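The numbers here are math on the coordinates, done by the rules we state, and not lab data. Because the structure is a prediction, the values reported are computed rather than measured. Note that we place each Cβ from the backbone using ideal geometry, even for glycine, and neighbour counts take in every protein chain shown.
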Amino acid sequence: QLQLVESGGGLVQAGESMSISCAVSGTIFSRNTKAWYRQAPGRQREFVAQITSTGSTNVTDSVKGRFTISRDNAKNTVTLQMNNLRPEGTGVYYCRVLAIDCWGKGIQVTVSS
């Protein structure tokens with residue numbers, strides 16, 4: 001059974017950086033497209049960034065130039081580097097494997113103003 005475990009969240013001040021990672025167990029889908037989503041308090045879950053098996057990336061407009069998604073196929077991990085964080089970046093961040101719609105449990109990121 002595929003499992004996704006997020007790590008690296010916490011509290012930062014606005015303008016600071018944070019990196020969060022997702023470890024994917026199970027090699028069958030290790031090369032599928034993976035993505036990060038976030039859910040702010042009182043709001044719906046929204047797409048943040050994705051990366052394909054070939055390394056092609058896409059990020060939502062609100063984080064372009066600040067967030068970078070990357071993956072390590074050998075380690076089955078996907079990482080979201082978040083720079084110049086803003087208070088509106090606060091929320092629970094979820095890792096997802098798109099092909100089978102598998103989600104991690106999420107990790108809290110809090111950006112104080």
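For the stretch 74-113, trypsin sites (Lys or Arg not before Pro) meeting the loop criterion (DSSP other than H, G, I, E, B) and having at most 13 other Cβ atoms within 10 Å: Lys75, Lys105. Test of the criteria: in the stretch 69-113, which chymotrypsin sites (Phe, Trp or Tyr not before Pro) are in a DSSP loop and have at most 16 other Cβ atoms within 10 angstrom of their Cβ? Hits after loop and neighbour filter: nothing returned.
Here, the stretch 50-113 has an Rg and a Dmax of 12.6, 37 Å when only alpha carbons are counted.
For the stretch 97-113, backbone phi angles converted through the Karplus equation (6.51, -1.76, 1.60; θ = phi - 60°) give residue-by-residue couplings of 9, 5, 4, 10, 6, 9, 10, x, 7, x, 9, 7, 10, 10, 10, 8, 8 Hz, Gly and Pro being listed as x. Here's the list of aspartates and glutamates a cross-link from Lys34 could span, going by alpha-carbon distance under 14 Å and ignoring same-chain residues fewer than 8 apart: Glu6, Asp72, Asp101. The charge dipole of the chain, taken about its Cα centre with unit charges on the Cβ of Lys, Arg, Asp and Glu (plus for the first two, minus for the last two), comes to roughly 120 debye. When Rg and the Kirkwood Rh are both derived from Cα coordinates, the Rg/Rh ratio for the chain amounts to 0.95.
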